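Here the structure is laid out as structure tokens; the discussion comes afterwards.
The values are calculated or read from the model by the stated rules, or taken from the named source; none is laboratory data. All of these numbers come straight from a predicted model, not from anything done at the bench. We place every Cβ from the backbone using ideal geometry, glycine too, and count neighbours over all the protein chains shown. To get the accessible areas, we keep the full protein, side chains included, count just its heavy atoms, and leave off ligands, DNA and RNA. Shrake-Rupley method; radii C 1.70, N 1.55, O 1.52, S 1.80 Å.
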Amino acid sequence: MNGRCATKDLLVPLSPVSVTKLTCEYSVTPLGIDTRQPRLSWQLAGAGRNLRQSAYQILGAGSPELLQQASGDCWDSGRINSDRSVQIVYGGAPLASSRRYYWSVRIWDGDNNPSPWSEASWWEMGLLAPADWQAEWITPDLAEDLAVSSPAPLLRTTFAVNGDVRSARLSITSLGLYEAELNGRRVGDLLFTPGWTSYAHRLQYQTYDVTDLLLPGANAAGVTLGDGWYRGFLLWGGKRNHYGDKLGLLFQLRIDYADGRSELVISGPNWKSSTGPILAADLYNGEHYDARLEKPGWSLAAFADDGWAGVTPLAASKEHLVAPVDAGVRRIEEVPARSVTVSPEGETLIDFGQNLVGWVRIRVQGAAGDQLTLRYGEVLDQQGNLYVANLRTAQATDRYILRGGEAEVYEPRFTFHGFRYAGVTGYPGELAPEQIVAVVVHSDMPVTGDFTCSHPLLNQLQHNIRWGQKGNFLDVPTDCPQRDERLGWTADLQVFLRTAIFNMDVAGVITKWLHDLAADQHADGNVPVVIPDPLGMAGSSAWGDAATIVPWTLYQCYDDTRILEQQYASMKGWVDWIHAQTGDALIWNTGFHFGDWLAIEAPDPRWPNPVTENDLLCTAFFAHSTDLLQRTAQVLGKTADAERYGSLLADIKAAFCHEFVSPAGRLSGNSQTAYVLALHFDLLPESERAAAAARLAAEIGRYDNHLTTGFVGTPYLCHVLSRFGYLDLAYTLLEQESYPSWLYAVKLGATTMWERWDSLRPDGSFQTTEMNSFNHYAYGAIGDWLYRVVAGIELDPAAPGYKRMRIEPRPGGSLTWARARYESGYGAIESAWTLTDGHLELTVTIPPNTEATITLPAGLVTEGSRPVAHADGILGVEIMGDRQQITVGSGEYRFRV
Ligand code: BGC
């Protein structure tokens, strides 16, 4: 359709701007969505500066041919005068189950010239109503001991394909995990499907295009089921079967023939079941695989399944099936073995040089019945043996029994491990490094950002933050990936989210998680401390506040108003629940709270032990959540709520100051975190903030320029310092190398973020085995300060999603240059600065259809070779004291001060 315009436009010159990168619901071409009004986004591309959109037109059609004729039989938005190019809500005819919709868009640029139509894109609907499911839930008819991990069942059926297949879609889900095959070939490449959700309320099903997997004539389908989160070991004390004790399968294959016929192949009483090579598979404990028990060809039509057991119908619901909103978990990359040695205990040790999450793939040749044992650990103990005490009861061990004969390749399924080292025993012969590789597994999230600077240890810190994110975004954002825990702890996510968004596109994963938060939230508004919630514990301040902070952050970063609409009741429920705890006093001083979790106990006898009082912390978060709720109410046009919560906020602040601030301005407890929260949440009157910031700085000085903050205070610490005039001190903390500090772990060779400031103590010993993860992203929350302050990429809260932004790098510390890139919804934003001979050079990229205010120190500024005021694309220059603000449209700029 490129180049073709409706007749009336032929007289108008075509814009040099083109429309690219069409996405629907954060995805390029999503298959099987159930959003009835999907949101469409695109980007503008073209040479030059200040590219803008003044209007757009979208066409939606049931076929690419119709779209080619510029006819939107489903939707023709007509020309809409708007500069919006992200999150445009579909406004056409109602969308039908299983149908594919094609769409295209053109824009009018800043000169009102139309662009060519974009390339066509599409999305496809899944099954929108329970009645669309003809399939029946089935469960294998196999005897099992429910107290232990049982062999993973195989389920199969055969069917005929009679005619030319136009397309085929498999809609499938399970109780437990599933992996499906058609005619001996794996369906898709997703792992850990159907994913972990609040199963009682929301169970995901996946849709696959399986057209190419079908054969003319006889066909077969096979599905392996695993325990997973549904009924495997989860939490502590050997607890399992949290959601149910029977595995189940719901399978519906629709075959559309070229001649217009359609047929369904569905799970039902005619399926058969058996067990295969997986003797046990558990997320915490690992997999036990006996290759001698493989049933070659079991998902082929010709396979003789006499002797297989049957299946039983399962009374499970189809009412709560939902389509995924994220891209799912995949094998993302591989890490080769760095070394193979033998430990003092005699175990063959493979070092992958990186703490990561997934498993190993190993190649082995030996006799039938030989057994390989693979253990996994994050660190070595002081003797050099694999250290697994911090995994607590998680066995994290895979066992493989060889088939014998030819070389065989093994990697587990239905389990994952957090490790840098693997310990192998039973390997026949010498294990060469090429025979083993680490497979890195996580939610599929495109990389969106990067930060680098002149300080190698800070670059390693950024690396560690990124790997902490990879390791802990496995379907659910978790605290840790290795011990018997791996739960969606709410505080961990709310503190890390802003950083996570810079590094990778997490919109889908977090949207899914928020839907689970709302589903698991108690009727009275109380929020569990982990989501999904198998634990049944709720009500901790800073944990439950994920209910307000997470949706607000998504809205700010992705201009996602819908998540605010969807979560509004949840956000409000949480704030009202807290209010019910405090009553009119508005001081939250009841209930159990984790407090400023893992804040340090002063390691130096000269230092006082910092204590952040729970009452203060809880009341501060009460105010913060109320603040976010009233802002949300404003965005959604809920004026009465906005006013009500606005005045509640004012009252909480007053109560906070009355209760916790002494007449001299000292915050009760006097901890760093107390000042950080009061300042970051704007709880103090303007007139008292400078003094409070000075007290914070003094407190940091008292600890020889060390932080004392835990999970709750740390994320905001440097932000508060840089905001209130202590940029140097923020850099001092950032570059601090002795305990407690971010670089302490880096200096000790960390390759991920640690749970504790001293997971490995200065004397070389480990922190308590009870809680010591070497892959915990919470302290990685410093990442957003690197992007937002060091590199200076900051959104404008009033124009979310980076429609407008601020670029204000704040060079400091020992840094001579820093560079960050972030792929926003509008395109790439970059900020790179260098200090040379007293000059600041700043290269900035601003994406099309956005605007930026660039803040530089006052002085003579050139852009390219011209004085800034005369440069192309500059919309304004304003001097403000010792700074100047330059407003620009899109393009690449090189400033020199
Ligand atoms: C988790 C944390 C979590 C905490 C609650 C721990 O076991 O690993 O990251 O937030 O419990 O305080």
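No other residue among Asp326, Asp282 is open to solvent by 20 Å² or more (accessible area, probe 1.4 Å) and acidic (Asp, Glu) apart from Asp326. Which residues, counting only those in the stretch 513-540, are within 16 Å of the ligand (Cβ to nearest atom), of a type in the set (A, V, I, L, M), surrounded by fewer than 21 Cβ atoms within 10 Å (Cβ to Cβ) and in contact (Cβ under 8 Å) with a residue 60 or more places away in the chain? Within the stretch 513-540, Leu535 is the sole residue that qualifies. Of all the criteria given as (1) under 21 Å from Leu743 (Cα atoms); (2) in a helix (DSSP H, G or I), the one not satisfied by Glu434 is (1).
So, in the stretch 194-209, of the ones that are open to solvent by less than 10 Å² (accessible area, probe 1.4 Å) and out of contact with any helix residue (DSSP H, G or I) (no Cβ under 6 Å at 6 or more places or on another chain), which residue ends up farthest from Asp326 (Cα to Cα)?
The residue in question is Leu203.
The number of residues in the stretch 442-488 being more than 27 Å from Pro809 (Cα to Cα), over 11 Å from the mean Cα position of the chain (by Cα) and among the hydrophobic types (A, V, I, L, M, F, W, C) comes to 2. Of the residues in the stretch 714-731, at least one is within 16 Å of the ligand (Cβ to nearest atom) and in contact (Cβ under 8 Å) with a residue 60 or more places away in the chain. Check whether at least one residue in the stretch 588-609 is within 16 Å of the ligand (Cβ to nearest atom), open to solvent by 40 Å² or more (accessible area, probe 1.4 Å) and in contact with a strand residue (DSSP E or B) (Cβ under 7 Å, 6 or more places away or on another chain), and report yes or no. Scanning the stretch 588-609 turns up no residue that is within 16 Å of the ligand (Cβ to nearest atom), open to solvent by 40 Å² or more (accessible area, probe 1.4 Å) and in contact with a strand residue (DSSP E or B) (Cβ under 7 Å, 6 or more places away or on another chain). Of all the residues in the stretch 233-254, those that are farther than 30 Å from Ser98 by Cα, aromatic (Phe, Trp, Tyr) and buried (at least 20 other Cβ atoms within 10 Å of the Cβ) number 1. For the stretch 93-110, filtered to residues that are farther than 19 Å from Tyr826 by Cα and either at pLDDT below 95 or among the polar types (S, T, N, Q) (or both), the residue that is surrounded by the most Cβ atoms within 10 Å (Cβ to Cβ) is Ser98.
Residue by residue through the stretch 829-844, note down the ones that are open to solvent by 30 Å² or more (accessible area, probe 1.4 Å) and out of contact with any Phe, Trp or Tyr (no Cβ under 6 Å at 6 or more places or on another chain).
Once the filter is applied, which keeps residues that are open to solvent by 30 Å² or more (accessible area, probe 1.4 Å) and out of contact with any Phe, Trp or Tyr (no Cβ under 6 Å at 6 or more places or on another chain), the stretch 829-844 yields Glu830, Leu835, Thr836, Asp837, Gly838, His839, Glu841, Thr843.
Within the bounds of the stretch 646-662, is there any residue that is open to solvent by less than 60 Å² (accessible area, probe 1.4 Å), assigned to a helix (DSSP H, G or I) and touching a strand residue (DSSP E or B) at 6+ places or on another chain (Cβ under 9 Å)? Taking every residue of the stretch 646-662 in turn, at least one turns out to be open to solvent by less than 60 Å² (accessible area, probe 1.4 Å), assigned to a helix (DSSP H, G or I) and touching a strand residue (DSSP E or B) at 6+ places or on another chain (Cβ under 9 Å). In the stretch 755-774, of all residues being open to solvent by 20 Å² or more (accessible area, probe 1.4 Å) and in contact with a strand residue (DSSP E or B) (Cβ under 8 Å, 6 or more places away or on another chain), the one that is nearest to the ligand (Cβ to nearest atom) corresponds to Gln767. Screening Glu319 with (1) charged (D, E, K, R); (2) open to solvent by less than 50 Å² (accessible area, probe 1.4 Å); (3) farther than 26 Å from Leu182 by Cα; (4) in contact with a helix residue (DSSP H, G or I) (Cβ under 9 Å, 6 or more places away or on another chain) gives one miss only, at (2). Taken together, the residues in the stretch 482-512 that are more than 10 Å from the ligand (Cβ to nearest atom), in contact with a Leu (Cβ under 9 Å, 6 or more places away or on another chain) and assigned to a helix (DSSP H, G or I) amount to 8. Inspection of the stretch 458-467 identifies at least one residue that is closer than 20 Å to Ile782 by Cβ, of a type in the set (Val, Ile, Thr), in a helix (DSSP H, G or I) and touching a helix residue (DSSP H, G or I) at 6+ places or on another chain (Cβ under 7 Å). Take the stretch 368-380 and flag every residue that is assigned to a loop (DSSP other than H, G, I, E, B) and open to solvent by 40 Å² or more (accessible area, probe 1.4 Å). Ala368, Asp370, listed by residue number.
Would you mind finding the one in Thr548, Thr582 that is β-branched (Val, Ile, Thr), surrounded by fewer than 20 Cβ atoms within 10 Å (Cβ to Cβ) and more than 15 Å from the ligand (Cβ to nearest atom)?
Working: Thr548 fails: surrounded by fewer than 20 Cβ atoms within 10 Å (Cβ to Cβ).
None of the other options fit; the residue is Thr582.
You will find that of Tyr178, Tyr230, the residue that is crowded, with 23+ Cβ neighbours inside 10 Å, in a strand (DSSP E or B) and not hydrophobic (A, V, I, L, M, F, W, C) is Tyr178 and no other.
Filter the stretch 55-81 down to the residues that are hydroxyl-bearing (Ser, Thr, Tyr) and either closer than 14 Å to Val19 by Cβ or in a strand (DSSP E or B) (or both) and list them by number.
Those that are hydroxyl-bearing (Ser, Thr, Tyr) and either closer than 14 Å to Val19 by Cβ or in a strand (DSSP E or B) (or both): Tyr56, Ser77.
Checked against the criterion of being without any contact (Cβ under 8 Å) to a residue 60 or more places away in the chain, under 28 Å from the mean Cα position of the chain (by Cα) and open to solvent by less than 20 Å² (accessible area, probe 1.4 Å), the stretch 72-92 has at least one qualifying residue.
Being crowded, with 19+ Cβ neighbours inside 10 Å and more than 29 Å from Gly60 (Cβ to Cβ) holds for only one residue in Leu127, Leu191, and it is Leu191.
Thr158 meets each of the listed conditions (1) open to solvent by 40 Å² or more (accessible area, probe 1.4 Å); (2) in a strand (DSSP E or B); (3) touching a Gly at 6+ places or on another chain (Cβ under 7 Å) apart from (3).
Restricting attention to the stretch 664-698, the residues that are surrounded by fewer than 24 Cβ atoms within 10 Å (Cβ to Cβ) and within 20 Å of Glu601 (Cβ to Cβ) total 3. Considering only residues in the stretch 440-481 that are β-branched (Val, Ile, Thr) and under 20 Å from Leu535 (Cβ atoms), the one that is nearest to the ligand (Cβ to nearest atom) turns out to be Thr478.
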